1. Here are A226, A190, A208: which of them is in contact (Cβ under 8 Å) with a residue 12 or more places away in the chain, away from the ligand (no atom under 16 Å from the Cβ), closer than 23 Å to G79 by Cβ and not charged (D, E, K, R)?
2. Please give the number of the condition P369 fails out of (1) within 30 Å of K230 (Cβ to Cβ); (2) not assigned by TED's automatic domain parsing to the domain that holds N258.
3. Within the bounds of region 160-169, is there any residue that is within 16 Å of the ligand (Cβ to nearest atom) and either at pLDDT below 95 or more than 18 Å from E58 (Cβ to Cβ) (or both)?
4. Residues in region 107-123: is at least one buried (at least 20 other Cβ atoms within 10 Å of the Cβ) and either touching a residue at least 60 places away in the same chain (Cβ under 8 Å) or not assigned by TED's automatic domain parsing to the domain that holds S201 (or both)?
5. So in region 66-83, with the set limited to residues that are assigned to a helix (DSSP H, G or I) and within 9 Å of the ligand (Cβ to nearest atom), which one is nearest to L119 (Cα to Cα)?
6. Would you mind telling me which numbered condition in (1) assigned to a helix (DSSP H, G or I); (2) more than 16 Å from the ligand (Cβ to nearest atom); (3) within 26 Å of the chain's Cα centre (by Cα) V362 fails?
7. Please pick out the residue among A63, A47 that is modelled with pLDDT of 95 or more, surrounded by 15 or more Cβ atoms within 10 Å (Cβ to Cβ), within 21 Å of D214 (Cβ to Cβ) and of a type in the set (G, A, S).
8. Just to check your reading of the model, which residue among G15, G7 is on the phi > 0 side of the Ramachandran plot and not acidic (D, E)?
Amino acid sequence: MLELKFGNMMEEVIGEKGLSVRQIENVREKAFEAHKQIQERRWKELAFLDLVNQDTSEIKAIAKSVRENSDYFLLLGIGGSAMGPKTILEALKPYYNFVTNPKIFIYDNIDPRTLYAILSIIDPARTTVNVVTKSGNTAETIASFMVLWKHIEKKLGSETLKHFIITTNPDDGIIRAVIEKYNIRSLSIASDIVGRYSVLSPAGLLMAEVAGIDSNELLRGASDIAEKCKNPELWENPVYLFSIALYLMSSEEGRNINVMMPYADGLRHLSEWFCQLWAESLGKLGFGITPYPSVGTTDQHSQLQLWMEGPEDKVIIFINIDDYGKDIIVPEVFSEFEGMKNLSGHTMNDLIKGAAETTKLVLSCYAKPNMTLGIPTLDAYHIGQLFLFLELSTACLGFLFGVNPFNQPWVETGKKNIYGMLGRTGFQKEMQEIESIKHIIQDSVCWRL
Ligand code: PA5
């Protein structure tokens, strides 16, 4: 089971820069209000909590047919529609494409160089394309979909539609209209689920199953966290303690940057996924905490200096793993060199865990607040736990700050602006707005070399 260690946030450990029990007790009522909002489902977007009970049989059947008939699985999506699948793949199937088929590509941009590279690798006859867009209206994903459709159609003609699976909401969007007109295979993301909370919906689960990851294990982990976190007592509810500690560090101690630092290569993307969740959900009405992706030990050699001596504006969130599942012993070679002799005989497990521990000790010793989320091992069950824990924490923090953690008005504006820029019917307002500010805001000062 996931565990939370938050002692290094408290004044008992890090002195006056830490939180007091009184500070936490002072937000008890606010936390209870957040608890009621969540448990009484006062927001329809809390529907992500229902995902733990979904029936995965259709997803499994489609994934089986993809595995049998494809050498390439290309997921087109952006934001929440791509970050979650990327996290699952990297965490649970490292270097997947070097060892297994179908090769999986997750493409989340409109950079022509990358798309060109993907097109030159895949064989259309052996490719399944999974278009994932919760809203069904995102220009980047739709443009890539159109490119892939044409690319496959040129080779396969009327067979093309068999190579597509579209994952979107059941009610509206351009993509929904395409599904209906062309009768394309599809999976649904319930309308109330917000993009960045959709990882445990078919948006993430189809790719998981294609990669041979049991989606039920992801859901089982998430479900156990949802159950554990129904407890209204804040000292017994890890989501509330985690959220309250970060809320207080932001609102009372001026620490508005949260560094997410898993000690695992496999969780590098989890840091990125967390960043979207935190930034898009909490950055509103002048509030928000800037998320900062990191990975240990790698970023000890890049960021640690700043955390130790830079501005006092951060909280470091570690993710530790007890057992990495595999181990390697540093062999006894070059033992005539002192610095190498000392490494011999240690396991990589010992080294990475030791480095995490030492970093934590030093940070705490110099009064830099930090917390640890610990998981026993990196498997689908515990990744499911991390997903739900962080999603629930996001909702809770949003309620503590008094912002809506489920909307993203400026992301939507950006989406509309793309269509405005293209002069799409119905987007004249956006087009005019862009035109009207062009003459004021321009890259008028530049250096030409
Ligand atoms: O959280 C959100 O809603 C957004 O960041 C979306 O994930 C992102 O914009 C992609 O949207 P869609 O899945 O609708 O294409």
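The values are calculated or read from the model by the stated rules, or taken from the named source; none is laboratory data. These numbers come from a predicted model, not from an experiment. Cβ placement follows ideal geometry from the backbone for every residue including glycine, while neighbour counts extend to all protein chains displayed.
1. So the residue among A226, A190, A208 that is in contact (Cβ under 8 Å) with a residue 12 or more places away in the chain, away from the ligand (no atom under 16 Å from the Cβ), closer than 23 Å to G79 by Cβ and not charged (D, E, K, R) is A208.
2. Tallying (1) within 30 Å of K230 (Cβ to Cβ); (2) not assigned by TED's automatic domain parsing to the domain that holds N258, P369 fails exactly one: (2).
3. No, every residue in region 160-169 fails to be within 16 Å of the ligand (Cβ to nearest atom) and either at pLDDT below 95 or more than 18 Å from E58 (Cβ to Cβ) (or both).
4. No, region 107-123 contains no residue that is buried (at least 20 other Cβ atoms within 10 Å of the Cβ) and either touching a residue at least 60 places away in the same chain (Cβ under 8 Å) or not assigned by TED's automatic domain parsing to the domain that holds S201 (or both).
5. Step one: of region 66-83, the residues assigned to a helix (DSSP H, G or I) are 66-69, 80-83.
If we keep only those that are within 9 Å of the ligand (Cβ to nearest atom) as well, we get 80-83.
Details: G80: 23, S81: 21, A82: 18, M83: 21 Å.
Per the criteria, the residue is A82.
6. (3)
7. Working: A47 fails: within 21 Å of D214 (Cβ to Cβ).
After applying the criteria, what remains is A63.
8. After ruling out the rest, the residue left standing is G15.
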